[in-house]
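Everything on this sheet refers to the single structure shown next.
The values are calculated or read from the model by the stated rules, or taken from the named source; none is laboratory data. This one's a predicted model, so the numbers in the text were calculated from it and none came from an experiment. Quick reminder, even Gly has a Cβ in these numbers, built from the backbone with ideal geometry, and neighbours come from all protein chains shown. The accessibility values were calculated without ligands, DNA or RNA, using every heavy atom of the protein model including side chains. Shrake-Rupley method; radii C 1.70, N 1.55, O 1.52, S 1.80 Å.
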Amino acid sequence: MNLLEGEDARPGAGITIGIFDTGIDVDHPMFDGKYVYEEFLAGAEDELGDDYSHGTAVASVAAGGKTGDPNAPLGVAWGADLAVWAIPLGTSDGVYRPISLEVLAQVDESTAEEFSHIINWQDGDRKLDILNMSFGYSGIISQYSEEDLRANLSQTIAALAQEGREDKTIMVWSAGNSNNNRCEAGTPDCPNGRFQAVSASLMSGLVAYMEELRGHSVAVVALSPDGGGLASFSNRCGTAADFCIAAPGEDVGVAYFGPHEGEDAVRGYVEWSGTSFAAPMVAGGLAIMKQLFRDQVANEELVTRLFLTADNTGIYADRDLYGNGRLDLGAATSPVGVLDVPITTGTAAMASASLGSTGLRLGAAFGDGVAEAFDGGEVMALDDFGSPFWYELDSFAATTDGPAMSARLRTFMGPGTGLAVVGGGGGSGLTAHGGVSGSVLRMPTAAGNGHLALAEGAVAVNAYQGSGFSAMAFTTGPLRPAMPAAGAAVGWRPGGVPVGLRAGWISERETMLGSLGQGAFGNLSAGTAFVGFDGSVGLGGWRLGADGEFGMVNPAAHGGMIQEISALATSTFAVHATRGFERAGSLSFSLSQPLRVEHGWAALTVPSARTKAREVLHSSLRADLAPGERQLDFAAQWNRALPVGELRLGAIWSHWPGHRDAPGAQVAALAGWRWVF
């Protein structure tokens with residue numbers, strides 16, 4: 001619970017566990033500061049501590065809180081609220097004497113009234129979620145018939161059935177401690193004067209006969225410590241195996257209130273044994289499950305999950321003894337099978353995208369815009385049982401840094417003068433010389449990594465003629481099947497004119513500005529039109545230049561949570577200066593901004609909750625796609641001819657790298673030797 005919800009999470013918080021027992025000592029340290037409602041039913045009185053308090057011990061196992069004493073036990077759902085109904089309970093003399101049908105008939109009406117009163121309890125927003133009953137009538141269910149029980153206990157059965165309630169209170173019963181009790185000759189299952197409790201007790205086992213009790217009734221048998229088998233005193237699941245589970249019930253740490261060494265009303269901690277303490281283990285576990293699933297899973301579904309996730313391996317595979325197996329709260333609160341994200345509205349069974357394959361890999365132009373928009377949001381996924389689990393939405397959005405170091409190195413060591421000189425369109429492949437040629441698009445990085453970088457590695461055909469007009473068509477074809485792109489570009493820069501113009505169109509079939517959606521984010525595509533310019537002039541021995549591009553993107557999303565994406569505006573620019581020295585080589589500087597989304601938004605419909613009827617609910621999210629920061633790169637490079645080859649030294653300083661609120665600037669220093677042969 002703390003791993004999933006944080007260190008401050010209180011297991012069971014917001015859930016009310018009912019304890020139908022002898023009462024509770026509200027002044028015990030384990031209940032200090034906890035909400036505890038207590039009511040005394042007919043014949044019950046407030047416990048004075050002259051006899052041990054069974055109800056106090058049971059309640060402490062289910063929801064006893066932290067005391068500050070490192071030696072004190074801690075309840076399973078220690079953050080849960082408690083509602084306690086006190087009744088007088090007797091003690092066993094160790095002899096098995098099954099209750100008669102006549103006595104059952106006599107107490108039927110009063111018992112039914114008590115259960116109805118308890119089940120319908122409410123205090124403000126609090127209602128009874130789970131009711132623990134660590135008591136029962138003497139007698140095992142297998143020694144009675146359905147007909148006899150319906151004839152003599154009909155009102156109680158009807159009250160427990162909770163007909164008409166939309167979400168029935170879960171009834172958790174201790175299965176009884178009759179095994180190895182003494183028994184009189186002639187009693188069934190009584191070899192050698194010792195009773196063999198081959199099934200759960202009468203009340204906990206009613207569910208085996210009464211279909212109307214199924215789904216919200218749980219019988220609990222007790223286990224010995226340290227992975228042991230069934231405790232020697234514990235009833236077996238037997239006839240009620242389908243509705244029974246095993247939990248620790250021997251040497252359990254509990255709160256004590258009662259006499260000690262001649263003094264009454266002593267408070268402390270002891271270890272006790274009995275199915276009475278196995279049952280609240282399960283009640284507390286169900287409270288944690290209910291809290292973890294944010295009360296969006298119906299109680300009957302919780303019980304089913306409890307049974308299906310129980311450990312039924314090894315010795316616990318014996319259904320006659322352990323029913324569904326050993327309580328495994330870790331498995332019950334962990335995803336079962338493959339987690340799916342339900343894309344469309346409807347029932348939980350309509351989940352259609354694997355959570356494991358879900359992701360949004362963002363191109364560098366988006367920076368941290370999407371991740372910031374997703375911050376604080378959640379996406380719900382459903383496991384094989386349809387139970388919900390929530391994950392932070394921004395954890396599925398992977399941001400990308402600006403130009404990769406490999407691209408920077410390629411430019412640095414390329415045939416041009418290097419990092420600081422190449423403009424945003426300088427790598428377009430468009431030239432002013434006549435002819436036709438083929439090429440592979442390789443984009444420079446220093447001056448913005450323009451729109452054509454989206455088709456990095458594409459095969460291009462170039463046409464150009466002496467008047468300064470050039471054209472290019474390109475496609476990635478089979479070279480980049482995961483991110484296919486195709487398009488065309490034209491350029492115009494007549495001789496003697498210091499400024500050139502260019503324009504182009506890029507079609508991305510599986511990506512959007514280099515962003516790739518997977519799983520629940522569906523598929524992305526985009527068509528991008530761009531225009532650009534570049535130019536340079538000489539000034540006092542320096543060559544000064546500038547270039548830029550502006551784009552308009554028409555994106556599309558389908559098959560996922562992204563319902564709509566607006567048109568996007570993009571930009572990239574660079575300014576640069578270069579000077580050659582007769583004996584000292586050349587020096588160049590540039591200031592550039594890589595491709596960036598300037599404005600645009602996306603509308604998402606994100607699965608956020610489910611109802612107890614298993615209908616999936618979605619929430620709407622509008623994400624601003626423009627990054628919060630702007631990457632600016634300052635680059636410097638010195639080239640010096642050597643007798644053999646050329647020495648190159650350079651440095652790049654990036655502010656807000658990747659258009660993200662990254663921890664500080666990034667600096668790269670480069671050195672190389674270039675020799676053409």
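A few points about this structure:
- Hey, Gly359 surrounded by fewer than 22 Cβ atoms within 10 Å (Cβ to Cβ) and touching a Leu at 6+ places or on another chain (Cβ under 9 Å) or not: yes
- Checking Asp633, Asp661 one by one, the residue that is closer than 30 Å to Gly548 by Cβ, in contact (Cβ under 8 Å) with a residue 60 or more places away in the chain and either open to solvent by 60 Å² or more (accessible area, probe 1.4 Å) or among the aliphatic types (A, V, I, L, M) (or both) is Asp661 and no other.
- Residues of segment 466-484 classified as part of a loop (DSSP other than H, G, I, E, B), at pLDDT 80 or above and more than 38 Å from the chain's Cα centre (by Cα), total: 1
- Entry remark, segment 85-96: residues being surrounded by fewer than 18 Cβ atoms within 10 Å (Cβ to Cβ) and touching a residue at least 60 places away in the same chain (Cβ under 8 Å) number 6 in total.
- Annotation: Trp78 fulfils all but one of (1) touching a Ser or Thr at 6+ places or on another chain (Cβ under 7 Å); (2) open to solvent by less than 80 Å² (accessible area, probe 1.4 Å); the unmet one is (1).
- Among residues that are modelled with pLDDT under 95, open to solvent by 10 Å² or more (accessible area, probe 1.4 Å) and closer than 22 Å to Asp318 by Cβ, Asp189 is included.
- Selection within segment 162-220: residues that are out of contact with any Lys or Arg (no Cβ under 6 Å at 6 or more places or on another chain) and of a type in the set (Val, Ile, Thr). The member of this set that is nearest to Met133 (Cα to Cα) is Val172.
- Subset tally (residues that are in contact with a helix residue (DSSP H, G or I) (Cβ under 8 Å, 6 or more places away or on another chain) and assigned to a loop (DSSP other than H, G, I, E, B)) for segment 166-183: 7
- For segment 520-567, a residue qualifies if it is hydroxyl-bearing (Ser, Thr, Tyr), assigned to a strand (DSSP E or B) and at pLDDT 95 or above, and the qualifying residues are Ser525, Thr528.
- There is no residue in segment 97-106 that is within 27 Å of Ser273 (Cβ to Cβ), touching a residue at least 12 places away in the same chain (Cβ under 8 Å), in a loop (DSSP other than H, G, I, E, B) and open to solvent by less than 20 Å² (accessible area, probe 1.4 Å).
- Checking Ala283, Ala247, Ala241 one by one, the residue that is farther than 23 Å from Tyr144 by Cα, touching a residue at least 40 places away in the same chain (Cβ under 8 Å), assigned to a helix (DSSP H, G or I) and touching a Leu at 6+ places or on another chain (Cβ under 9 Å) is Ala283 and no other.
- Looking across segment 580-612, the residues that are among the hydrophobic types (A, V, I, L, M, F, W, C) and touching a residue at least 24 places away in the same chain (Cβ under 8 Å) come down to Ala584, Leu587, Phe589, Leu591, Leu595, Val597, Trp601, Ala602, Ala603, Leu604, Val606, Ala609.
- The residues of segment 277-329 that are within 21 Å of Thr16 (Cα to Cα), open to solvent by 10 Å² or more (accessible area, probe 1.4 Å) and of a type outside the set (A, V, I, L, M, F, W, C), listed by number, are Gln291, Arg294, Asp295, Gln296, Glu300, Glu301, Thr304.
- Of the set (1) over 30 Å from Val379 (Cβ atoms); (2) open to solvent by less than 70 Å² (accessible area, probe 1.4 Å); (3) out of contact with any Phe, Trp or Tyr (no Cβ under 6 Å at 6 or more places or on another chain); (4) of a type in the set (Gly, Ala, Ser), all apply to Gly628 but (1).
Okay, residues lined up against (1) among the acidic types (Asp, Glu); (2) touching a strand residue (DSSP E or B) at 6+ places or on another chain (Cβ under 7 Å); (3) closer than 27 Å to Asp401 by Cα; (4) at pLDDT below 95:
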{"residue": "Gly580", "(1), (2), (3), (4)": "no, yes, no, yes"}
{"residue": "Ser608", "(1), (2), (3), (4)": "no, yes, no, no"}
{"residue": "Val616", "(1), (2), (3), (4)": "no, yes, no, yes"}
{"residue": "Ala626", "(1), (2), (3), (4)": "no, yes, yes, no"}
{"residue": "Pro657", "(1), (2), (3), (4)": "no, yes, yes, yes"}
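- Unmet requirement for Thr528, which otherwise passes all of (1) more than 19 Å from Ala485 (Cα to Cα); (2) under 41 Å from the mean Cα position of the chain (by Cα); (3) among the polar types (S, T, N, Q): (1)
- Test: residue in segment 151-170 that is open to solvent by less than 10 Å² (accessible area, probe 1.4 Å), touching a residue at least 40 places away in the same chain (Cβ under 8 Å), more than 24 Å from Thr16 (Cβ to Cβ) and in contact with a Leu (Cβ under 6 Å, 6 or more places away or on another chain): yes
- Among the numbered conditions (1) closer than 22 Å to Ser199 by Cβ; (2) modelled with pLDDT of 95 or more; (3) out of contact with any Ser or Thr (no Cβ under 7 Å at 6 or more places or on another chain); (4) open to solvent by 10 Å² or more (accessible area, probe 1.4 Å), the only one that Thr111 does not meet is (3).
- Neighbours by Cβ (under 9 Å, 6+ apart or cross-chain): first from segment 1-19, more than 21 Å from Met380 (Cα to Cα) and open to solvent by 100 Å² or more (accessible area, probe 1.4 Å); second aliphatic (A, V, I, L, M) and outside any helix (DSSP H, G or I): Arg10/Met1; Arg10/Ala77; Arg10/Ala80
- Filtered residues of segment 599-625 (kept if assigned to a strand (DSSP E or B), open to solvent by 10 Å² or more (accessible area, probe 1.4 Å) and in contact with a helix residue (DSSP H, G or I) (Cβ under 6 Å, 6 or more places away or on another chain)): Asp624
- Restricting segment 643-658 to residues that are open to solvent by less than 70 Å² (accessible area, probe 1.4 Å) and outside any strand (DSSP E or B) leaves a set whose member that is nearest to Arg165 (Cα to Cα) is Gly658.
- Any hit, segment 80-98, residues being in contact with an Asp or Glu (Cβ under 6 Å, 6 or more places away or on another chain), modelled with pLDDT of 95 or more and at negative phi: yes
- Inspection of segment 390-411 finds a residue satisfying the criterion of being over 24 Å from His599 (Cα atoms), at pLDDT 90 or above, open to solvent by less than 60 Å² (accessible area, probe 1.4 Å) and touching a strand residue (DSSP E or B) at 6+ places or on another chain (Cβ under 6 Å).
- Taken over segment 485-519, residues that are outside any strand (DSSP E or B) and open to solvent by 10 Å² or more (accessible area, probe 1.4 Å) amount to 10.
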